[in-house]
Amino acid sequence: MPSTTVMFNNIISVNPYNNKVINDYELDTSSNIQGKLLLANDAFKSWKEKEIKERTALLTKVTHVLEERIDYLSELITLEMGKPITESRAEIDKCIFLCNFYIVNAEAFLADDIIATDAHESFISYDPLGVILAVMPWNYPFWQVFRFAVPTLTSGNTVLLKHASNVSGCALAIQNIFEEAGYPKGCFQTLIINHYEVEALLKNDLVQGISLTGSEKAGKHLGKIAGERLKKAVLELGGNNACIVLDDANLDLYLDTMVKARMQNCGQSCIAAKRFIVTKGIYDEFLGKFTKKVKDLKFGDPMKPETEIATLAREDLAIDLEKQVDDAVKKGAKVIIGKKRDKAYYAPTILTKVTTDMAVFKEETFGPVAPIFKVDNLEEALKLTANTRFGLGTMLFTEDVETAMRYISQIPDGAFFINEMVKSDPRLPFGGTKASGFGRELSKEGIREFVNKKTVFINK
């Protein structure tokens, strides 16, 4: 049974680990959707007039709600999409960190920028746009929403959320968090709707922009609709990140980071390491040590704290991953470990002798599969790294940081991490290039995405 089933007017949510029904959620009717849209627009009229200090004061209350309910919220994440409970708890902690970052910095980020010109006074003001539609994925059901919603609300907009159907409980819980913290009704609302209803919402004149985290296909479709109506869009799409390991990489210090870069969240992350490109001098040592670490990962009930690998979020995702690995094996790839599926579980898998014509190289693999390539040198590694239509991030491990830094401009991605896994951090902008999308979330850049950067020129 899939982890979500749409039955007439309901969404039935199923635990991917044990296939037990968690809950069922009634779909919003057309009149409900219209009512929420009107409420969001009405709420914006007064919300945009609030002082920044008033908005950040509510963010403080959000952190209190998250802290008080961290056990319940973590369990809800794990029940709905299956990740290990320790990672679910870390996700809520990261949301708290995000809120605290904007509590401290939002006022400065949104303050008028004074520009010296021949005017008596000239500056840039940052004014909110209105109702912003969010289409969010299931893999980090709280973090993905919070990293968009917190800066977007704090800059004075209101938000309508269409979350992935298999995390509908998380979606409703997020709305409850904002409302319990004291946000006015209509500032943040969850829509329980089918994906095909998003298009009509985006076309509505009351919606001023869209932020989508999801597939390349969805990004192209909704991005086209937004473009036709000249609406602001931020698209955070797929990734095919390379992890380059050079001969002088410190495996004793960074091997755990490399394993985490691929296997965290059972490999279900756009910024995961999806192609390991290793120079020949360290290849055998890396393969042996990496394989042992991956073998030692503990599979089990995701509600148990000792569990490190669980099922994927849905059985169809495991089936898709199985097809990608099968394609590689048929074309000559060697299976070191793994290549086993049981319903929604796909065993951590390591492949060698991978070539560029295989699906595991060309496509995004959304699960615990690590293709490993042997190359002669850094130049060859960088050439292989760039051989992708995606541009989310690259990570490189070496003791020679100075040499690595010379290649920063040659990495066409949205992020380049040296001796660290690619990850999102509230203090740094996050986003991609090419087929990985456009726009930025987080940091100063994120809070200034859904605003009118207005030039003001005054003479007396």
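Ignoring ligands, DNA and RNA, what percent of the 1.4 Å accessible area of the chain is carbon and sulfur? In the chain, the share of accessible area belonging to carbon and sulfur is 51 percent. Counting only heavy atoms of the protein chains and using a 1.4 Å probe, residue 20 has close to 130 Å² of accessible surface. For region 20-126, the square roots of the Cα gyration tensor eigenvalues, ordered a ≥ b ≥ c, give a/c of at least 1.5 with a/b no greater than b/c, which places it in the oblate category. Contact order for region 226-364, expressed relative to its length and based on alpha carbon pairs under 8 Å spaced 6+ residues apart, stands at 20 percent. Spacing of the modelled spin labels on residue 9 and residue 112, each 7 Å from Cα toward Cβ, amounts to 5.2 nm. Is the shape of region 296-340 best called rounded, prolate or oblate, per the rule: a/c under 1.5 gives rounded, else a/b larger than b/c gives prolate, else oblate, with a ≥ b ≥ c the square roots of the Cα gyration tensor eigenvalues? Oblate is the answer for region 296-340, as a/c is 1.5 or above yet b/c matches or exceeds a/b. Spatially, region 183-212 and region 36-104 are offset by 18 Å when compared through their Cα centroids. Counting Lys +1, Arg +1, Asp -1, Glu -1, what net charge surrounds residue 257 among other residues with beta carbon under 13 Å of its beta carbon? Every neighbour counted, the sum reads +2. Looking at the chain, the accessible area is 42 square angstrom per residue; that uses a 1.4 Å probe and ignores ligands, DNA and RNA. Using 0.36 nm per residue and subtracting the Cα-Cα separation, the extra length available between residue 42 and residue 380 on full extension is 116.0 nm. Each DSSP beta bridge with both residues in region 291-420 is either parallel or antiparallel, and the antiparallel ones are about 40%. Derived scalar couplings between HN and Hα for region 451-458 equal 9, 8, 7, 8, 7, 10, 10, 10 Hz in order, rounded to whole Hz, by the Karplus curve 6.51 cos²θ - 1.76 cosθ + 1.60 (θ = phi - 60°), x for Gly and Pro. With the whole protein complex present, residue 24 retains an accessible surface near 80 Å², based on a 1.4 Å probe.
Per residue, the average separation of C-alpha pairs within less than 8 Å and at least 6 apart gives the chain a relative contact order of 19 percent. A Cα-only calculation for the chain places Rg and Dmax at 22.6, 76 Å. Counting only DSSP beta bridges whose two residues both lie in the chain, roughly 40 percent are antiparallel.
Once divided by 2.2 N^0.38 Å, the Cα radius of gyration of region 29-78 becomes 1.60.
What angle, in degrees between 0 and 90 and rounded to the nearest 10, separates the Cα long axis of helix 52-68 from the longest principal axis of the Cα atoms of the chain? Once rounded, one gets 50 degrees. What FRET efficiency would be calculated for the residue pair residue 454, residue 100, taking the C-beta separation as r and a Förster radius of 35 Å, to the nearest 0.05? The formula returns an efficiency of 0.75 here.
Residues 449, 68, 399, ordered by accessible area of protein heavy atoms at a 1.4 angstrom probe radius and largest first, appear as 68, 399, 449.
Residue 402 contributes an accessible area of around 140 Å² to the protein surface, as traced by a 1.4 Å probe with all chains present.
Give the shape of region 195-287 as rounded, prolate or oblate, defined through the alpha-carbon gyration tensor: a ≥ b ≥ c are the square roots of its eigenvalues, a/c under 1.5 means rounded, and otherwise the shape is prolate if a/b is larger than b/c and oblate if not. Prolate, since a/c reaches 1.5 and a/b exceeds b/c. Taking the centroid of alpha carbons for each part, region 379-404 and region 266-294 are 14 Å apart. What stretch of the chain, leaving out the sites themselves, is the longest with no chymotrypsin sites (Phe, Trp or Tyr not before Pro) in a DSSP loop having at most 12 other Cβ atoms within 10 Å? So the longest stretch without any such site is 197-460. The listed residues 413, 376 rank as 376, 413 when sorted by accessible area, largest first, using a 1.4 Å probe. Contact order, relative form, for region 180-278: 24 percent (alpha carbon pairs under 8 Å, 6 or more residues apart, mean separation divided by residue count).
The values are calculated or read from the model by the stated rules, or taken from the named source; none is laboratory data. As the structure is a computational prediction, the values presented were derived from the model and not from experiment. Ideal geometry is used to build each Cβ from the backbone, glycine not excepted, and the neighbour counts take in all protein chains shown. Surface areas here come from the heavy atoms of the whole protein model, side chains and all, with no ligands, DNA or RNA. Shrake-Rupley method; radii C 1.70, N 1.55, O 1.52, S 1.80 Å.
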